[in-house]
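We did not get these values from a lab; they are worked out from the coordinates using the rules stated. Note that the coordinates shown come from a computational prediction; the quantities given were computed from them, not determined experimentally. For neighbour counting, all protein chains shown are included, and Cβ atoms are generated from backbone atoms with ideal geometry for every residue, glycine included.
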Amino acid sequence: PLSSAFVRTAYNARSLVGPNERAAFTWLHEHVAPGGRVLNQFSDDSAWMATLAGVQPLFALYPDALGDPQRTWGDRWYLLTHATSLATDVRAQRAARAWNVRYVYVGDAVFTHQPRYLSVAALAGSAAYRLVWHEPGVSIFKVVG
């Protein structure tokens, strides 16, 4: 009961997730294949997609919370920090395949104390992605090719 109250308070009082983000999670639920994961930056509160829609984000918790993210998260961290190079970066491509990532979720709002790792403009400019869903505040890209 105590943990339920904590989660309820965290979501209701401090979450960046609003109606458009929930709609994006629903869209992902309808399109992500079983076993698939969504590349996310966590700092936009996108980890809620797991709880609210049953969609598995690549980062369900803040990557820096466990120390050195490169050592702790390995290829997942590499994919996040090299997402815009996916069209030409073989290591990023291997990571996307290994983690079964076919979609990228990007929320415009991020917590002030956390960095932004993904950019809508940068992903839109990459041949590796196609914008497939957008509402104010949130965009979803599909990995293509």
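For segment 104-138, which chymotrypsin sites (Phe, Trp or Tyr not before Pro) are in a loop by DSSP, counting at most 15 other Cβ atoms within 10 Å?
Phe111
Using 0.36 nm per residue, how much length does the chain from Thr51 to Lys142 gain when fully extended, once their Cα-Cα distance is taken away?
30.6 nm
Given R₀ = 30 Å, what would the calculated FRET efficiency be for Asn20 paired with Val90, taking r from the Cβ atoms and rounding to 0.05?
Computed FRET efficiency for Asn20 and Val90 comes out at 0.30.
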